[in-house]
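The values are calculated or read from the model by the stated rules, or taken from the named source; none is laboratory data. Fair warning: this is a prediction, and the values are worked out from it, not measured in the lab. Cβ: placed from backbone, ideal geometry, glycine included. Neighbour counts: every protein chain shown.
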């Protein structure tokens, strides 16, 4: 009787294990299904392809993965919002110190969920496009150590969520726009090693979180 009871107990444990594994498999399948159902924004893809089109040289081949045969969230240097969301959007563009040459395409303005833009340490030229001020979600803008010229666009002051503004080591000229005083969340601002002229605007005193 004891042996029979032991055998019954083992069968019970085995049955419980099978049920547990079955439920686990169902959960995993559901998670994968939800992940695959999340779509990517066509506007984001077109914006990034336009950005790539303005790049004249990519010696490291970092942007070779930027093509329609691969989901844009898997492109080198591109990060996206969480998979739990029904539509994934580009949240970060990080292409640093890879000797890119070219200009910044104004199409980046269409990346409306972009929070991080880091293009430091390249050989990018031209002006910083004024449409960059439409990136209202941007918290970090790092264009340092390039060859950008022209004035700092006044639209910079529209980036209400900006915490880091790094434009040092370029060829920027003109004055610092007074709109910089609108950046209430700014804590780091580096504009050194440029060709800026004029006074530091008094409006910078409105940036009460500024520590650097």
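When each of 64, 139, 50 is tested for being touching a residue at least 24 places away in the same chain (Cβ under 8 Å) and more than 21 Å from residue 179 (Cα to Cα), the lone residue that passes is 50. The residues in region 115-129 that are in contact with a strand residue (DSSP E or B) (Cβ under 6 Å, 6 or more places away or on another chain) and in a loop (DSSP other than H, G, I, E, B) can be counted, and the count is 2. Take the conditions (1) at pLDDT 95 or above; (2) not assigned by TED's automatic domain parsing to the domain that holds residue 58; residue 212 misses just one of them, which is (1). With the checklist (1) under 30 Å from residue 146 (Cβ atoms); (2) modelled with pLDDT under 60 in hand, flag the one item residue 33 doesn't pass. The failed condition is (1). Here the condition is being without any contact (Cβ under 8 Å) to a residue 40 or more places away in the chain and at positive phi; of 133, 121, it holds for 121 alone.
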